[in-house]
Structure formats: C-alpha cells, structure tokens
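Only one structure is covered here, and it is reproduced in the block below.
The values are calculated or read from the model by the stated rules, or taken from the named source; none is laboratory data. As the structure is a prediction and not an experimental result, all values here were calculated from the model. So basically every Cβ, Gly included, is an ideal-geometry build from the backbone, and we count neighbours across all protein chains shown. The protein model used for the area step is the full one, side chains on, heavy atoms only, and it has no ligands, DNA or RNA in it. Shrake-Rupley method; radii C 1.70, N 1.55, O 1.52, S 1.80 Å.
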Amino acid sequence: MLSFAEKNVLLGVCGSIAAYKACELASRLREQGVRVDCALTASARHLVQPAALEAITGTPVITDMFPLITNPEQGHIAVAQRVHLCLVAPATANILAKAACGIADDWLSTTLLATRAPLLFAPAMNTNMYTHPATQANISVLLERGAAFVGPASGRLACGTEGAGRLADIPDILDAAFCALHQDKDFSGKRILITSGPNHEPIDPVRFIGNRSSGKMGRALALEALCRGAEVGMITGPAQVSPPYGVKAIQVNTADEMYDAVLSCMNEYDVIIGAAAVADYKIERPETSKIKRGTDHILLRLTPNRDIIAAVADAKRPEQRVVGFAAESEDLLLKAAHKLRQKRLDMIIANTIGGEDCAIGADHADAYILVPGQEPEKLEHAEKSRLAKIIFDRLLALD
Ligand code: CTP
C-alpha cells in the first residue's frame, strides 16, 4: 500500500467531463491518509457539486477567491504554502495555458503561481485540443520548469471520438502523485531492471503450474526506484498487481520467456533485481491439446529451468549490481548466505516461507538483508514499501 500519511495535497479540479472522477480520486487520497484541499474552477462547478467533495475530504471546497478573505486558512497563499503537492486532475487545456503563461485570474491559477510545491497535471480533453501545437507547447514549458504529467490515456472520449485525451486511471494518478511527492531523486540517471511475480509453466493449452507470488514486492521496488528518479524496467510474470505508472514493463509467462527477456536487455541497466518467484521446473513436454479426464494416474515429467539471476551475475559488467531474494522454509540465514555466494550476488534479501509473516503474497515481510562482508540487517514485519526503501538505501551505500 502507498503511504502518503500526513501529506497535504491540493486537488485542483477543472471543467473537463472527467471532473466527476475527482470524487473517486479524492476518496483514494483520503484512504492513504492525505489531507486534501479541493478547489473547483468555475467550469468544474457545473459538472461536480462541492458538497460531494466536501463530504469526501472533510474540508470546505474552495470555489471562489473572495469569500476566503474571511477564511484565511483557505486563502490562496495559505494553501500554496501548506501543500506538499498541487495535483490538477482533470487538467484542461485552459489551466495548462494559464499555468504556462503565469496567468492568475482565479483561485486555482493564482495558487499554482504562488506555490513552490511540486505540480502534477493529469490532462483530460478532446484529442484535437490535446494535440494542438498550443497545448503541446504549454506542456513543454511546464515540463521544462519541472512540472510532472500523468496521462492522458487513450480510448473513447466523452465527445464520441477515439484518441488521446482520457483522464489517466486513478491508480496511475496515485502512483504519479506518490513519485511527485518524493523530492529526493538520489537514483536520477540510474536504470533499474526488476523481475517480478510468478511464472506459469504450461501443462496443456488450459492448465499450468504456478506459485503464490503476488508481484507486490516487485511493484514496491519499482515504485521506490521511480520515486527516487530512476528509469525502471520490469519483466513481470502474471502478477496480481500491475506495474506502477511510468515503468517500461514486459509481460511474460514462463521462466524461459523471463530468462530471454532479462538477458536480452540487462546491458541497458545499472542494477538488476530478481524479485520474481521464478519457476524452478517446467513440464518437459507440454501437451498441445487439452488432457482429457480419465481414471488412470498421469505423470508430469518436470525439467529444471535456467537460473535467471545467476546468469545475469555471470554476464554482468563489473559496475553493474545484481540483487536477489531468497525464500526459505528453514535455516534462513545459512541458506540465504549460501545463495548470495553461489549466485555471486551483490545483495540478497532473505524471507521466511510459512508462518504469519510469510513474504509470499503478503503486504509485510520479516526479512534479512545480506551483503558480502557485512553483518545481516534484520527487518521485522516490514511493509514491502519500507523494505524497498531500505534496499535502495543499502544499494546507494554499495558504491
Ligand atoms: N531465481 C532466478 N531463476 C531461477 C530461480 C530463482 O532468477 N530459476 C532467483 C529469484 O528471483 C531470487 C533468487 O534467484 O532472486 C532465489 O530464488 P529462490 O526461489 O529463493 O531460490 P532458488 O535458487 O530457486 O533455490 P531453491 O528453490 O532451491 O531455494
């Protein structure tokens, strides 16, 4: 789960049809513990009622400059100074143009000028408006000044056309907001590749052998790397969770597909992290047609898969770093230390399998971080997001 606890976010809502989605966005931000100040532009007020957003945020919604003279808590200067992030969602062509030119003619545009908090825009508009050179030039200006953008997504638009202009999906906006809130970009210029999730090894066209990996650890690592300014690639098996917004993700099924994908791109990366629960075995000869039900026993003959992270460690350049995970039922530290040496890794994270704090599929993990020549670091019941943060802190210290 993302943690925005104790952050103040200004949610600026403009007059796009997607304005109705602001209620869902505000609600998801509140769920994460964010204090949300919400401002509606004059056009947005035709599309969404302040009362709905007030009920969700628990804070009066800002709709006008001047009544706030008697409520200085929500004056543009007070909010501009208080917030950690200004998120404009949906952002219309109009607000992008005003922000790019420094026009301050209503509460939201004035606040965007007065704040020094990071700006994140989630555009939503008709495709022609979005691709118009004027809008694109305004976006370039804002990007150059350090503003961040999420979306727009492509698809069917409210005006009946198809194309770019849909508001990004809410989970993508939350990922982008989380990254924008993180100001320490200590992995900027670094490229990180992460394997994630389980593998599915086919038995026949409808059946497979799989495992319980959710992909949550890989996702937490990818999000942490993005927040810290890295470029992130993910090679992911069929996981329960999607890669975070902004990751270059390749979806695979089998361990062989994962092996080929990782080995073919590993040269482009500075750090390769093997968080996938790679299938150790595959069916030697998967059936090409569905196996029919019968009364006899059937025997599935398994053959070993190649070890991806060990192959990466063998082929790596000296300056590349390779990190693995170890999932063990017993003798955790001993076996993890053995894997660290045997696979010639720079770091391994050891997790216990079984028990309450079983790492596979859960949000928390009991873990040890092992680095050659250093004492193991123990982390008890660590949220995967906290574990990801500590892994990247330790990676920095390796150089
Ligand atoms: N790994 C891999 N390719 C494999 C098996 C594992 O890249 N074919 C990686 C995992 O992503 C993890 C590390 O190796 O980073 C250790 O995985 P783990 O399942 O704990 O150990 P195995 O090497 O599979 O050995 P065992 O199952 O016997 O414990």
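So that you can scan it fast, the table gives a plain yes or no per residue for (1) more than 12 Å from the ligand (Cβ to nearest atom); (2) at pLDDT 95 or above:
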site	(1), (2)
Thr254	no, yes
Asp260	yes, yes
Glu268	yes, yes
Gly274	no, yes
Asp280	no, yes
Glu284	yes, yes
Ser289	yes, yes
Asp296	yes, no
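Contact map, region 305-327: first residue under 18 Å from Tyr281 (Cβ atoms) and part of a helix (DSSP H, G or I), second residue open to solvent by 20 Å² or more (accessible area, probe 1.4 Å) and more than 9 Å from the ligand (Cβ to nearest atom), Cβ cut-off under 9 Å, separation 6 or more or different chains; pairs are Ile308/Leu263; Ala310/Arg344; Ala311/Leu263.
Any chance region 383-390 includes a residue that's more than 25 Å from the chain's Cα centre (by Cα) and open to solvent by 40 Å² or more (accessible area, probe 1.4 Å)? Within region 383-390 (the criterion being more than 25 Å from the chain's Cα centre (by Cα) and open to solvent by 40 Å² or more (accessible area, probe 1.4 Å)), the answer is no, since none of the residues qualifies. The one condition from (1) without any contact (Cβ under 8 Å) to a residue 40 or more places away in the chain; (2) more than 21 Å from the chain's Cα centre (by Cα); (3) farther than 26 Å from Asp366 by Cβ that Ala249 does not meet is (2). Taking the condition surrounded by fewer than 18 Cβ atoms within 10 Å (Cβ to Cβ), polar (S, T, N, Q) and under 21 Å from the mean Cα position of the chain (by Cα), does Ser140 pass? Taking the combined requirement at face value, the residue does not satisfy it.
Every residue, every condition in (1) at pLDDT below 90; (2) in contact with a Pro (Cβ under 8 Å, 6 or more places away or on another chain); (3) more than 10 Å from the ligand (Cβ to nearest atom), yes or no:
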residue: Val312; (1), (2), (3): no, no, no
residue: Arg317; (1), (2), (3): no, no, yes
residue: Arg341; (1), (2), (3): no, yes, yes
residue: Ala382; (1), (2), (3): yes, no, yes
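Here the helices (runs of 4 or more DSSP H) wholly within region 121-184 that include at least 1 residues being closer than 21 Å to Val83 by Cβ and charged (D, E, K, R) are 170-181.
For beta carbons closer than 7 Å, sequence separation of 6+ or different chains, a first residue in region 363-379 that is touching a residue at least 40 places away in the same chain (Cβ under 8 Å) and a second that is in a loop (DSSP other than H, G, I, E, B) and of a type in the set (D, E, K, R), the qualifying pairs are Ala365/Asp357.
Assess whether Ser27 counts as being hydroxyl-bearing (Ser, Thr, Tyr) and closer than 29 Å to Leu223 by Cα. Yes: the conditions hold for Ser27.
Are any of the residues in region 18-27 free of Cβ contacts under 8 Å to residues at least 12 places away in the same chain and among the charged types (D, E, K, R)?
Of the residues in region 18-27, the ones free of Cβ contacts under 8 Å to residues at least 12 places away in the same chain are none.
The answer is no, given that none of the residues of region 18-27 is free of Cβ contacts under 8 Å to residues at least 12 places away in the same chain and among the charged types (D, E, K, R).
Scanning region 150-180 for residues that are under 13 Å from the mean Cα position of the chain (by Cα) and buried (at least 19 other Cβ atoms within 10 Å of the Cβ) yields Val150, Ile173, Leu174, Asp175, Ala176, Ala177, Phe178, Cys179, Ala180.
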